[in-house]
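The structure under discussion appears below in the form of structure tokens.
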Amino acid sequence: MEVLVQPAGRVLSIKPGDKFLPALRAEGLAISYSCEDGRCGLCRCKLLRGNVVESSRPPRPLFGFRTRYLLACQSSPAEDCAIEIPDAQEPVIHPQRRLRTQVLGVEPLGHNVRLLRLANTDRLQFSPGQFVELELGRGFSRVYSLAGLPTDDELRFHIRIHPQGSAGQIISERLQPGTAMRLRAPYGAAWLRHRHEGPILVASSGTGLAPVLSILRGIGAAKLQNPVHVYVSFLLREEVYCLDELSAALERIPNLRASHVIVAYGALKRGLRRGLLTEALEADIPHLGNWHANLYGSPFAIDAAVHLLRRRGISEDHLHADPFHPFGS
Ligand SMILES: Cc1cc2nc3c(=O)[nH]c(=O)nc-3n(C[C@H](O)[C@H](O)[C@H](O)COP(=O)(O)OP(=O)(O)OC[C@H]3O[C@@H](n4cnc5c(N)ncnc54)[C@H](O)[C@@H]3O)c2cc1C
Ligand code: FES
């Protein structure tokens, strides 16, 4: 089969049944990847023309967008086709690792949120905004976003404890300093892009604050000059947490244009703004033509925000979102 690969404009010949990813890599074409088993989402490409044979793990579409995608590690061409590799100028290649680590601490961070600290002795390589899969029992795992940078001595996670939540119970009740753990990482395509000149919108709902801190610290560390707009939202006033760490990360952003902590319900304190994430974005940002957006957290809030940003003209290629949908074991 002949496969036209954009933006390189190269035509490859790929045998039926052969996956795109190894063929692209063999030709030296830059493409992001990590897990090679359909779970991290990094190798997602646009299908511009033609049809492919998908594996059992097709790519998850973002709410409201209709572009056809394929996972290059899971799909092979069904006929002559054309594909586009996203972010070909700055591919993220962190081959997936399964690490042994140990718990340094599990501490209260806010209402129903725990800070889980794991040793980063083996120096996990990841990009700000990515997440890991924590193995919490035999055949039982959950994914959690990284709150820091790969250079940190520890891996930090903000874990929301859901009523009757299986993982939350294990993390808050059974893990102690010294407990041995295993994780697989990194996962996730909502990483921080560096090669972009327009404004960056960074937004979260609930524990989506964890990857937001990672993104903000990443922007500060790389000294990105883009105008940055930050919206951190919570449903209830008592859920607000980590404001000191947020302020410290914001201080290091070279070109911070706006930062808002938004609360939907409960008594307002100084510095907080009333409303829903979507209401604030709708009021503040009329058009998102040249913007990039990184969004994380509660699936309801993030799906609604994705829908709004789409209506406000954001390019699908510039929208990087991880709604925290419940993840099966
Ligand atoms: C890409 C990604 C990144 C994630 N990062 C984080 C993170 O950094 N911090 C974090 O706390 N969670 C994160 N999650 C969610 C996490 O993986 C678990 O799904 C969540 O912690 C619930 O696991 P549990 O075993 O405690 O609850 P479960 O036993 O799976 O569910 C228990 C109950 O809680 C409800 N529930 C579960 N998740 C949600 C939700 N998101 N909103 C509303 N109700 C829910 C279920 O419907 C069920 O009734 C992420 C999810 C994804 C997909
Ligand atoms: S490398 Fe294809 S989904 Fe992870």
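The values are calculated or read from the model by the stated rules, or taken from the named source; none is laboratory data. All values derive from a computational prediction rather than experimental measurement. Note that we place each Cβ from the backbone using ideal geometry, even for glycine, and neighbour counts take in every protein chain shown. Note: accessible area is taken over every heavy atom of the protein model, side chains too, but ligands, DNA and RNA are not part of it. Shrake-Rupley method; radii C 1.70, N 1.55, O 1.52, S 1.80 Å.
Among the conditions (1) in contact (Cβ under 8 Å) with a residue 40 or more places away in the chain; (2) in contact with a strand residue (DSSP E or B) (Cβ under 7 Å, 6 or more places away or on another chain), residue 310 misses just one, which is (2).
Scanning the range 229-265 for residues that are in a helix (DSSP H, G or I), touching a residue at least 40 places away in the same chain (Cβ under 8 Å) and within 24 Å of residue 290 (Cα to Cα) yields nothing.
Close Cβ contacts (under 6 Å, 6 or more residues apart or on different chains) running from residues in the range 166-193 that are without any contact (Cβ under 8 Å) to a residue 60 or more places away in the chain and closer than 15 Å to residue 135 by Cα to residues that are near ligand 1 (Cβ under 9 Å from one of its atoms) and open to solvent by 40 Å² or more (accessible area, probe 1.4 Å) comprise 167/142; 168/162.
The rows are residues; the columns are (1) within 16 Å of ligand 2 (Cβ to nearest atom); (2) under 27 Å from residue 193 (Cβ atoms); (3) not in a loop (DSSP other than H, G, I, E, B).
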residue	(1), (2), (3)
104	no, no, yes
109	no, no, yes
118	no, yes, yes
125	yes, yes, no
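Of the residues making up the range 279-294, those that are open to solvent by 30 Å² or more (accessible area, probe 1.4 Å) and not in a loop (DSSP other than H, G, I, E, B) are 279, 282, 283, 284.
Considering the conditions (1) touching a strand residue (DSSP E or B) at 6+ places or on another chain (Cβ under 8 Å); (2) open to solvent by less than 20 Å² (accessible area, probe 1.4 Å); (3) within 12 Å of ligand 1 (Cβ to nearest atom), residue 120 is excluded by exactly one of them, (3).
The set of residues from the range 137-181 being of a type in the set (Asp, Glu) and touching a His at 6+ places or on another chain (Cβ under 8 Å) is empty.
Among residues that are within 11 Å of the chain's Cα centre (by Cα), at pLDDT 95 or above, within 15 Å of ligand 1 (Cβ to nearest atom) and not in a strand (DSSP E or B), residue 210 is included. Do you know which residues across the range 191-211 are among the hydrophobic types (A, V, I, L, M, F, W, C) and in contact with a helix residue (DSSP H, G or I) (Cβ under 8 Å, 6 or more places away or on another chain)? Scanning the range 191-211 gives 192, 200, 201, 202, 203, 209. For the range 134-153, the criterion of being assigned to a loop (DSSP other than H, G, I, E, B), open to solvent by less than 80 Å² (accessible area, probe 1.4 Å) and under 17 Å from residue 35 (Cβ atoms) is met by at least one residue.
Report yes if some residue within the range 179-194 is within 27 Å of residue 43 (Cα to Cα), assigned to a loop (DSSP other than H, G, I, E, B), more than 10 Å from ligand 1 (Cβ to nearest atom) and among the β-branched types (Val, Ile, Thr); otherwise report no. Checking the range 179-194: not a single residue is within 27 Å of residue 43 (Cα to Cα), assigned to a loop (DSSP other than H, G, I, E, B), more than 10 Å from ligand 1 (Cβ to nearest atom) and among the β-branched types (Val, Ile, Thr). Counting the residues of the range 303-328 that are crowded, with 20+ Cβ neighbours inside 10 Å and within 10 Å of ligand 1 (Cβ to nearest atom) gives 4. Provide a single number: the residues in the range 154-171 that are part of a loop (DSSP other than H, G, I, E, B) and β-branched (Val, Ile, Thr). Total meeting the criteria: 1.
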